Structures are given as structure tokens and as C-alpha cells.
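What follows is a short report on a single structure.
The values are calculated or read from the model by the stated rules, or taken from the named source; none is laboratory data. Values in this document were obtained by computation on a predicted structure and should not be read as measured data. Here the Cβ positions follow ideal geometry from the backbone for every residue, glycine too, while neighbour counts run over all protein chains shown. For the accessible areas, the whole protein counts, side chains as well, though only heavy atoms, and no ligand, DNA or RNA atoms are used. Shrake-Rupley method; radii C 1.70, N 1.55, O 1.52, S 1.80 Å.
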Protein chains: 4
Amino acid sequence: MNNWGRNIRLSIFGESHGQGIGIVIDGLPGGIKLDVEKIEAEMERRAPGRSNISTSRSEADKVEILSGFVGGMTTGTPIAGIIRNTNTISKHYEKDLLRPGHADYTAYMKYGEHRDYRGGGHFSARITAPLVFAGAVAKQVLNAEGVSVGAHILKIADVEDEPFDPVNIGEKELSEVSKKSFPVIDDKKGELMKQRILTAKSELNSVGGIAECAVVGMPAGKGEPFFGSVESRVSSLIYSVPAVKAVMFGAGCGFAGMTGKDANDEFYVSGGKIKTYTNNNGGINGGITNGMPIIFRAVLKPTPSIAQKQRTVNIAKMENAEIEVRGRHDPCIVHRGTVVIENAANIAMLDLLYDKF
Amino acid sequence: MNNWGRNIRLSIFGESHGQGIGIVIDGLPGGIKLDVEKIEAEMERRAPGRSNISTSRSEADKVEILSGFVGGMTTGTPIAGIIRNTNTISKHYEKDLLRPGHADYTAYMKYGEHRDYRGGGHFSARITAPLVFAGAVAKQVLNAEGVSVGAHILKIADVEDEPFDPVNIGEKELSEVSKKSFPVIDDKKGELMKQRILTAKSELNSVGGIAECAVVGMPAGKGEPFFGSVESRVSSLIYSVPAVKAVMFGAGCGFAGMTGKDANDEFYVSGGKIKTYTNNNGGINGGITNGMPIIFRAVLKPTPSIAQKQRTVNIAKMENAEIEVRGRHDPCIVHRGTVVIENAANIAMLDLLYDKF
Amino acid sequence: MNNWGRNIRLSIFGESHGQGIGIVIDGLPGGIKLDVEKIEAEMERRAPGRSNISTSRSEADKVEILSGFVGGMTTGTPIAGIIRNTNTISKHYEKDLLRPGHADYTAYMKYGEHRDYRGGGHFSARITAPLVFAGAVAKQVLNAEGVSVGAHILKIADVEDEPFDPVNIGEKELSEVSKKSFPVIDDKKGELMKQRILTAKSELNSVGGIAECAVVGMPAGKGEPFFGSVESRVSSLIYSVPAVKAVMFGAGCGFAGMTGKDANDEFYVSGGKIKTYTNNNGGINGGITNGMPIIFRAVLKPTPSIAQKQRTVNIAKMENAEIEVRGRHDPCIVHRGTVVIENAANIAMLDLLYDKF
Amino acid sequence: MNNWGRNIRLSIFGESHGQGIGIVIDGLPGGIKLDVEKIEAEMERRAPGRSNISTSRSEADKVEILSGFVGGMTTGTPIAGIIRNTNTISKHYEKDLLRPGHADYTAYMKYGEHRDYRGGGHFSARITAPLVFAGAVAKQVLNAEGVSVGAHILKIADVEDEPFDPVNIGEKELSEVSKKSFPVIDDKKGELMKQRILTAKSELNSVGGIAECAVVGMPAGKGEPFFGSVESRVSSLIYSVPAVKAVMFGAGCGFAGMTGKDANDEFYVSGGKIKTYTNNNGGINGGITNGMPIIFRAVLKPTPSIAQKQRTVNIAKMENAEIEVRGRHDPCIVHRGTVVIENAANIAMLDLLYDKF
């Protein structure tokens, strides 16, 4: 199903080389002022064709809002945003040669002969553009409620940015990093990352990495004890983003080597509020927000589209074959993916914020 | 909401020290023979009070099936299974002292004064017993369809078991490991793990670890391209299991340091079937199963209940305090958690198997 | 799926002659005081075996609350209520002779050979007992919010009670009628109805009728413009009640013969509140509550279980046959059905009340 | 929420005077050939501005399919269809005068000051155009499976068409009536109905009526025993159609005056299939299809927009006022509504058809 959400509801659609892509967002309140320029700026951060470290396919990614928005304000009814595809070159895509690491084979098995294989069809990372639109809308609602979300590139190949401070991270750091088109805290590390990407590109290869996301201002008490845990709901959305293969909260994998004494976040009272000295749990206890910053990380795999020769199968002939993936591709998806993940987090947080009681 | 699932639907309920706990499972076909002894054996694997490395609270964990099951066969209507709580000692639980790492504070913020704080209430890992029941039911349906699921302890503290072979893992290895009450491939490593647990116990501390789960026999083509990806649906269920703080598929975090050339799983034809040489993607491309083994890992944090003195807050007085957590607790939850995760995977796979087309 | 609800969520289970029946209610707030005696009184209104106009099967219908309820208060986590079946006589039910008007054939087609055919299995009206439990719980939450729901028998066979006054109906009239075990406004008409039932019983036949339900105190603005309209959500729940074959709001079928001038409910201001002079729309405009009483009616068909000889099919032999339905049955389901519908309305209203914004 | 469906999923959006309206349909199989001309013909049946008995607002109602459809075939991924609004005259709509019978007041209470009041906004019957699009798509999938749906006007004002024969209705009768723009079985009655509409129009008034819908070819065994009954799911969708205030299955309201002997549909075997002599239950027993034609009726209220002077309230001033509703309106919505209901039934049937097992 193409839906996500309990309190807000998304419906996404579109294919890379079809007429257009888009999303319907339901469940927002009426009377929220939306700054369209800010939405466009967010779209621009994710948009393709903006630099030599991303795909050369250039798309305006201009969202047309068809409904739910009048006179600069939400009306409370569903907001539909659509984006026209303009710069499509389908000739590079061969229907029968399965691209390794891509969904060509699984799409064939699920949808059969008549799947849209052009540019990956509905599986294309291009479908994350509407998700960014929804996230940019959610962000403005969240900000009005005092909640801020930001993400940065924690790692690309072997280069690591400094991590967020899980206890002291604030709105200011988040808004600073989330304005950048190559979002890193330490821009020098960012330059090294870009070098790694260009090297991979020159080698007809690609590199992966990690995005780290933080949320401040979420009230305590949001989420559910079991099936609706914050982790369940956030991960289910983040794992919708193509290329994500790991999602971790707080200390994440680090917990495997910790003791309870080290892992537990002890409580204290400060200024009438309850806080924790450490934040290994990433702001979540028992599936519910505890008021500390929410921290999670997502691993993005290297772009599967590489121009090197790879072994594969011709699905029509059912025989072994070779492929050199053409088309215009990203040698690294992490920087654009970080923008997507930040915006997906905006959506997840808004959905959580509306949990009742 | 206490529900999970698209094609099968679970509803879970109960508190650690209440009358009972249970689950309702809807969406199973009628006419499936269920072997109750196998279900009981699975319950026994998770059950508390069976050894010195787990809690001393001893519960029969006998499930009474109230509905949907007549003459040894499913009827097709909802199956309700309930488990009575018998061995409860609530006096150890103090209402006002927040246990670090637990949900005491978040439960208070969500439910208020009248939450059931005894034994962690609805947040207790005890609530995973009904999940194991549901998984043990799902397992028998899956097995009849040729799908097998197994999990082992990959790591506790600093001791690592050998990982599953992601390409060649078979039904036999899975059924072998999934019969063990301390499920490891290398039993010598298992002994070392138990030592680590006993050491932690003697130090009034606890340790964490990693569970690894594999699925063989799932047909290609199950899952959805975006919001209903296999990763989204599996992680949303696995993150419902208390103490899980990271979920990773295939190469998982390893992708961050790989190149596309290394990460891509190249295809080949073998005996009229399409396979991949490697299985970094854990059997999932574009959110959909590709017919290779499905592999995922989950990190479980160290049990937060430790008898050492910890700093905390008295929520009634809103002042700083100290706590030594009493009650009967597990010095490590990983071995019992691995059984829970395996059974949760059974549920997730059955839900995926029923995806239409 | 055995689930209903957006903001509260029900999961129902059980068969007429199985171990027990029950329901799980999720989404209630914590800290709501529940008067168990009032719940029992409501169960008693629906319970079988209480008079000569209902089935002679006598069941205590005592609900055991397994979870979510401590010290007389809701905890905020799921409430599971179970009812044991005690007085079952399965020998009257023949597996292969399809009872006309019942679900024997459709159950066979859906679930196959292994359906639970005893007493109608999961299709039995007995499964409405848990629904009444859930409604009796919802009622107490609603009453605390100033919302009252009541229903009466509008018609049995050819005898009609006076209808509710759709404009002036108040909490007092509703609470009066909803205390009665044979809920009619005009008790003389009630006596006539009982005579019709006894006559039908003596003729080995049964009669149908209409229940009318009203709600006062619901704030304006609840519901949704399209798929989540009040009518959609209420009817989807009321149509879950066995034997209901028509659901009508406000003037209902009467609208077919009205003009717009007559049908429109004109507005006026009174004491700072907006009201309508008439209430043909049953308190709902555009799928959303307008603050006037919500009025709906449901038609219940005559009990299909009659002892007269009927033509049918032996499904095992696939040949024509005859049947005289045995077992203990109601010659009329309307009076007990009205209690069920009132309680289902409690649930629907609570779900609507929690619509956000 | 703007979603409907279990197995197929609709998301609807748009306002009467906004940029456009549309729908996303998910859950259809890939490889279904769609005849766009047939879809356009169905849109044309509902389209406004085609005759003197409907609104004079003329809209092309041309659907642009943005996704999920390539080379005349479905791809299996979501189909998004959008319709531009072109012929909007918003000046006739006054923001502050509440139109009786409309959703102006309830929209204000739900969405507040910034609702889109122009032309009724999201509450406009115009939003049924995308529903017809979805139904016309569903129809082609259904027809390929041997299922046919048709609807006719059973009644307008005091003029009644002959009803469908609930036992013998066939595909031929349904396809014949469902081609008509004014769908009646007896065209002479249709002429009388049109006269009633023109009379009402000349009197600045409007009239209501009843649509009757039949489905043949649905296999037995679809639906669910309780919350997912055929009646629950069909009524929840039909009640989404503006102006519907009653939904009845089979004998519907007639059941109230019947005895069990008369109401029960006795079974017989014919040609290896099980049928019923009568079809009072409208093809549904215990919430599940029994293989007989599915029959339901829906009452549509008279169009609330009438040019006569009516009493109302000025919501800005909170004082009593008068209104003469301007704009271009239908003096009767039943004929266009019948097309909408037929198409909604297509959707509901496809959703039911995909029930598993």
C-alpha cells in the first residue's frame, strides 16, 4: 500500500519517467500559514542536477499544489502536490537486463511484464521528491509547535563528520546544518567526502554512508508501548527511503557492547523538568518520547547504478549476461538522501505529535 | 494502537502484574492443523525462570486458546490466546522512583497517575510471551508453505557467534538453531556468552547483544516499493520488541564503507531460477523479496534493571533521588529476546507472504 | 479483519460454542473511573435467557477484565474483556444442513470444511456480548464528556413506538429509555410488541423490526468530509451487528419524497449557539456533526432460526433437503438488538469524539 | 482521513473551485488493459452541464493519468488521476452566510476560518468526479473477472422505476442500464422523473430520490463476519457520497414487517451450484457474499442549494439572516448520483473480490 501514517496520512505515486510524481497529505489542521519559498528551498536541496557529485539529470522539481491550500494557508483538507517529469531519457534503460542492486528483478516478480522499468519506475529515488515536499510542509507545522528536526551526513566512505551531541544539541545547530545543500557540521570533512565521491565517480563506482538525524522540542509522552513505538513508526518511514539498509536509535549498535550501568540514562530534575544525564536511548524509553533529543541514524548503501561491467541475467531469455549501467546517476546518494531522511523525520514527528492524550 | 499487520492482524494486551496477557490473531486461513506441543515448546524457550542466566520469576506461560481453534484445526476466525499471570510480586515496584532506562517516566507522561507501574505494566518484556505464541502459530502456517525462519545470538558483550552464511543458509541450519533454548551456532561461544552473563549478574550489572535472523523459502515478489517495503514492515514489528535499538538488513551498517561494485549482488541463472552470487542486500531489493535468504540483525540493549545504585527522580516529589532496582530480572535479555525476534519474524513473514498478486 | 476504529480500536473474537468470547479495546485514556456494576447492568440488558420472548439459553455473561484496568480505573493500555461460554448444547447443530438466512453457507465458502458451525460459530449474535461490554465502557467515558446515547425499539412487526423528537430529545429521555430491558418510550406499545413476538413464537416463526438511536451532547465539527463521514463510520459499525439490513440517518428514506425546501434544516442563533429549526439531517451535514442530536435508525431482520420446515441443501451431499432449525433461539432479536445498537453507537461516538482538531 | 479500502486503497483530494481534484488508486494488479474511452464515457455520464436537468456549470472532466499506466496497461503501482477545474465562478459564494443543508457550518467548526468555502470546497459533489474515475477503472478489472455492476434510478420525487429482479437480474440488464446518462429501466418513467425535476427547478426547489444498485458474478465467500461485513464496507463507501442519507441491502426496510418464514431465502442445488429461491438478503448472509446478486439501495436527499429565500445565520456576526443560494446547481442530484453510486459499487466490489482465501 502506498500509504503511511496514523494521524497524518500520506499517499505517494509516480514513476521516474512517467507524466509526473506526487503526494497527497491528509490530516493537517486548517489555518496553518505555509511559506512556499521555504518549501521550494527544501526541494532545491534534494533536487538533481545541481552539482558534479550528483546525477546530471536536471529537474526543476517545482511542486504544483492542487488542493488544500488557499491564500497561503492550509484549509485542513488534503494537500496534493504534483511534480512534472521533464528531463527523461528512457533509451538508456533496457527492459530485460536486470541491474544488480536495483529492483528490476523484484519489480518483474511483483508486477510482471508490464511494470514500468524506465528509470526504475516507481522504485526510483526520484519518488523521494514528493516525500521532501511533504516533509517541508510538516516542518512548518512542527516549527510552529516548537519542534525542530535536522540531519547531517555522519559518514561517506571512510570520512566521518562529528556526531551530534545527543544531550545538548539545540534548535540552532539543527537549523544551521539543515540549510546546507551538503549538510555536514564540519565543512572540511565535507570537502573530503566530496573528494571521495568524485574519486568513486572517476572509477565508475559509487560510495555509501550514514545520515544522522536529531529532533528537539518533542514533548514527552508521544508514541506507544508496543506496536506503535516511536522506533517502529520512524523506522517504517525511514525504511521507505530507497537505499536505506540500517536504522539505529541513540547508541544503536553500540548497545551490544555496553553494560546496563553504562547504557542507562539516569534522571535528574532541572528547572522543574525531568532530564537525563546521558542520552543513549535517543530520547525514547519504552517506545515513547522522554523529552530528550530524539536521535537516529540511517545507513545508505552505495548507489547500485555503476558503469562498470557487471554480471547479470537477461530476464526475457533467462540466460546469463553482462551489463554496464547507463543513464545519469549519482556516484553517491548520501548527501541527497540525508535531505530526504531529514524531511521524512519531519513527517514522522508530526504524526507522533498528534498522538492523542 | 495495539495492532500490527496488513494481511494478518495482531492485537496485544496485558500487564506484567495484571490478571493476564494475551493476543488476538486474525487473518489466518481455516483448516490449518496446529500442533499445540510445538507451540508450547516455543513458549518454553522464551519462558522465564528456567535457568540462572534469566529472571527467577517462574511462569508456566501456558496459553489457553479461547477461539478460532477447534479439533486441532484453525477455523479461519480470530484466534485469541491468553496467559494467566501467576507469580507476581508487586511489592518490589515503587510507583514514584523512575527506573533509568525503563518506561516509568514515559508511561507517566503518556498515561498519567493511573498507569499500571507494577512490573513495568504493559511495557514489561513479559508482553512478548503472547507475541511468541502468535509467532509459533505463524511458524506452522509458514512451514506448510515451505518457509523457514531461524535466529541465533550473534553477540553478547564481547563474544561473537559465527554469522549465518547469507547465501547458503538452509532450512536445516535454521531448524537446528531454533530448537535451542540458548540459540547459538557455536555452542562453545554460547558457553562464553553465559559466563559473561553470570559475571554481569554477579556485578549487579547486565549486558546487551545482537540477534541475527534468517528466512529461507520466501518467494520473490513480496513487499512493496515504498511505504510497505519488507524492511519497513519487518522493522516496525521488530522495534515493537522491548530493548531493540537497531535493526539492520543484509550487510547493514557495513554498506557505509562499501563501494557499489562490492555491495551490488550480481545475478545469475541456475536451474531455471535467478539467484545472486552474494547477498549483501539480505534478500531484499527495492523493498521486495528477491528469493534469496532474508537476513536481518537486531541490537538489544542491556537489561535496564540493575541492582546497583543509580541516580533518578522521585516523580511525586519532583526531586532527585537514588534507586536500587529490585524485583527479579534478567542480567541479559538477548537469549530470550532472540527467541522473541525469531517469532516476530515468523509473523512478519506470514504477513508478507499473503501480499496479493 | 476483526478490527474497527480510528481513534479507539476494537478487536473482537470468539464463537458461540467455543471456550469464550471477548474483545480488546485500545485507545482509551488512562485515569477514567469505570463503574463495573453499570457495565454488568448493560450486559444484563442484552443477556439471553432472561424472559419468554428471548432464547432460553441462559448465560451469566460475566465479563472478566484481564488488562488495562487497575483499582477501578483505566490505565490507558488495552482493556481485554472475556466471557466464558457455559451453557452450550451443540448437538442441535447439524454441520451439513444449511440454515436459510444464516451464514452456514457463506462460512463454508469462506473458511471451508473446518469452520466452527456449532451455534453459528463466530457468526452468532452471541458475539455481540463483547460489543456491549465495549459500548458500556465507552458510555462511561462519553458521559464524563457530556455525551449521551440512547436507543429504543421503534417498530416490531406492525407495532410502532413513538419516534424520538429529533430536535428536542434530551439526556433525560435517553437515560430513561436506555435503562429498560425492553426499551420503548410507550410501554403500552411495548406490551403489544411482546404479544406479537409471542404469537410468532407460537407459530414457530419470528418477527423483525427497527431500532432508533439518538445522541445528544456531541460537539459540532466531528467526522470527515468524505471517506470518514459520520454516516460512513457509524454505518460500518452498525452493519457489523448481525441481522441489520438497513441504516438510515435523520429523515432517512423520507428524503426520497421531500423537496429541498422541506428537507433543509434552517439555521438560527440561540444563546450564542447555532441551531437548526428542524433536524432532518440527523445532526450531520457534509459528513460532520453540527451539534444537533444525531439520529439514526437500523432495521433488523426477523431471526432466521425458525422451527418450521424449510427447504435447504445438504452441503456434503450437494443435494436438496429439508430442515427444521432446532437449538434455543429468539423469536425476535429486535429488543436485544436495540441494546447492542445503542452500545455500538457509544463506541462510534467515542471514536468520533477523539477526532483531532 | 481521505483513504478508503483494504485491498485497494483510494486517496481523494480537491476542492470545487481550487486548482484541481483527483484520486490515487493503489492495489491494482499490473498488466490490466484499460480502455480510456470507456473511462471517459463514464466520466461523461456524471459530468455537469450536459442538460437542463443538471447544473449549468460545464466541465470537461477530462482525467489526466499521471502514473501507474503505461502503454495502455496498468503497471501495478499507484494510479493518480487529476482533473483541472476550469469553469469556476466563486463570486456567488458568500463566506459568512451558512447555506442550510450544506456543510458550511460544519466545515467552519472543523477547519475554522481558513476552510475553502468556495463552491462548498472539499464538500462539493464535484469531488465525486475522481470517485467515478476510480470506479470506471475498477469496472474494467471487475469485468475481466466476470463481475458486473449496474445501477438505476429507482425513484425521483413520487415517480418510481420498476425495481431490479433480485433473483434473475443479469449482466445484460446491468450493462444496458449503466450505459444510459439518465439510467432507468422504464424510459417512460424516466421522462416523468425529468418533468418532476423541471417542475422543481421552475419552483426554485429541488427533489430527492433513490438509486438501486445490483452486482452479478461476485463469487460466494467474500466479506467478513463482523467488522468487515459486505454491508459495512459497501455502506462506508456509499455514505461517502454527498447527499446519501440511507443505505439498505436486499429487502432493506421491508424486513421490519416480515416474518422469518417470509424473509429467509431457502437454498436449492442447481447445476452443481447452490442458489436461493428468493433474495431478500441481497446476496449477503452473515456479512459474506452468497453468490446471488448483491442488491442495495441508497436514498439521496434533495439538493440543498435552492434559490428560494431561507433563514440562516451569518457566522461572522453570529446573527440571524436570510439567504438565497446562488451559483449553478442541480435541481436534482439523483441521476448523476446514481452514476456515482454505481461507480463506488465497482470500487467496493473490487476491494471485496481481493479478500484472501
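Brief remarks follow.
- Taken together, D:M193, D:M218 contain a single residue that is in a loop (DSSP other than H, G, I, E, B) and buried (at least 24 other Cβ atoms within 10 Å of the Cβ), which is D:M218.
- For the range A:118-134, the candidate set comprises residues that are modelled with pLDDT of 95 or more and farther than 16 Å from A:S181 by Cβ; within that set, the residue that is surrounded by the most Cβ atoms within 10 Å (Cβ to Cβ) is A:A134.
- The residue that is modelled with the lowest pLDDT, among those in the range B:328-346 that are farther than 26 Å from B:Y108 by Cβ and within 11 Å of another protein chain (Cβ to nearest Cβ), is B:P331.
- Residue under evaluation C:R6, criteria (1) in contact (Cβ under 8 Å) with a residue 40 or more places away in the chain; (2) over 30 Å from B:W4 (Cβ atoms), criterion not met: (2)
- Residue check, D:K91 among the basic types (K, R), more than 20 Å from D:P130 (Cα to Cα), open to solvent by 30 Å² or more (accessible area, probe 1.4 Å) and away from chain A (no Cβ under 14 Å): yes
- Flag for B:F255 being part of a loop (DSSP other than H, G, I, E, B), touching a helix residue (DSSP H, G or I) at 6+ places or on another chain (Cβ under 7 Å) and over 30 Å from B:G120 (Cβ atoms): no
- Single condition B:I315 does not satisfy, out of (1) open to solvent by 10 Å² or more (accessible area, probe 1.4 Å); (2) touching a strand residue (DSSP E or B) at 6+ places or on another chain (Cβ under 6 Å); (3) more than 7 Å from chain A (Cβ to nearest Cβ): (2)
For every residue, the table says whether it meets (1) under 22 Å from B:S235 (Cβ atoms); (2) out of contact with any helix residue (DSSP H, G or I) (no Cβ under 8 Å at 6 or more places or on another chain); (3) at pLDDT 95 or above.
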| residue | (1), (2), (3) |
| --- | --- |
| B:P293 | yes, yes, yes |
| B:K301 | yes, no, yes |
| B:N320 | no, yes, yes |
| B:R326 | no, no, no |
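- Contact map, the range A:341-357: first residue buried (at least 24 other Cβ atoms within 10 Å of the Cβ), second residue at pLDDT below 95 and not in a helix (DSSP H, G or I), Cβ cut-off under 7 Å, separation 6 or more or different chains; pairs are A:E342/A:S178.
- Residue in the range A:37-49 that is surrounded by fewer than 24 Cβ atoms within 10 Å (Cβ to Cβ) and at the interface with another protein chain (Cβ under 7 Å from one of its Cβ atoms) present: no
- Each residue in the range C:9-36 was checked for being part of a loop (DSSP other than H, G, I, E, B), closer than 20 Å to C:S67 by Cβ and more than 9 Å from chain B (Cβ to nearest Cβ), and 3 pass.
- Leading residue by the ranking (nearest to B:G283 (Cα to Cα)) among those in the range B:159-178 that are in a loop (DSSP other than H, G, I, E, B) and of a type in the set (G, A, S): B:G170
- All of (1) more than 14 Å from chain D (Cβ to nearest Cβ); (2) modelled with pLDDT of 95 or more hold for C:S58 with one exception: (2).
- Count - residues of the range C:1-36 that are of a type in the set (D, E, K, R), crowded, with 23+ Cβ neighbours inside 10 Å and at pLDDT 95 or above: 1
- Strands (runs of 3 or more DSSP E) fully within the range A:259-357 counting 2 or more residues that are within 28 Å of the chain's Cα centre (by Cα): A:294-300
- Candidates C:G287, C:G282, C:G271: the one that is on the phi > 0 side of the Ramachandran plot and open to solvent by 10 Å² or more (accessible area, probe 1.4 Å) is C:G271.
- First in the range A:291-320 and touching a residue at least 12 places away in the same chain (Cβ under 8 Å) and basic (K, R), second anywhere and part of a strand (DSSP E or B) and open to solvent by 40 Å² or more (accessible area, probe 1.4 Å), Cβ under 8 Å, 6 or more apart: A:K309/A:E322; A:K309/A:E324; A:R311/A:N320; A:R311/A:E322; A:R311/B:Y268
- Candidates in the range D:220-263 are the residues that are in contact (Cβ under 8 Å) with a residue 40 or more places away in the chain and in contact with an Asp or Glu (Cβ under 6 Å, 6 or more places away or on another chain); of these, the one that is farthest from the other protein chains (Cβ to nearest Cβ) is D:K222.
- Where a residue in the range C:73-88 is free of Cβ contacts under 8 Å to residues at least 40 places away in the same chain and its partner, wherever it lies, is among the aromatic types (F, W, Y) and open to solvent by 10 Å² or more (accessible area, probe 1.4 Å), with Cβ under 6 Å and at least six apart: none
- Checking C:Q140 against (1) over 21 Å from the mean Cα position of the chain (by Cα); (2) more than 11 Å from chain D (Cβ to nearest Cβ); (3) open to solvent by 20 Å² or more (accessible area, probe 1.4 Å); (4) under 29 Å from B:N3 (Cβ atoms), the condition it does not meet: (1)
- Which listed residue, of A:G121, A:G112, is touching a residue at least 12 places away in the same chain (Cβ under 8 Å) and within 13 Å of chain B (Cβ to nearest Cβ): A:G121
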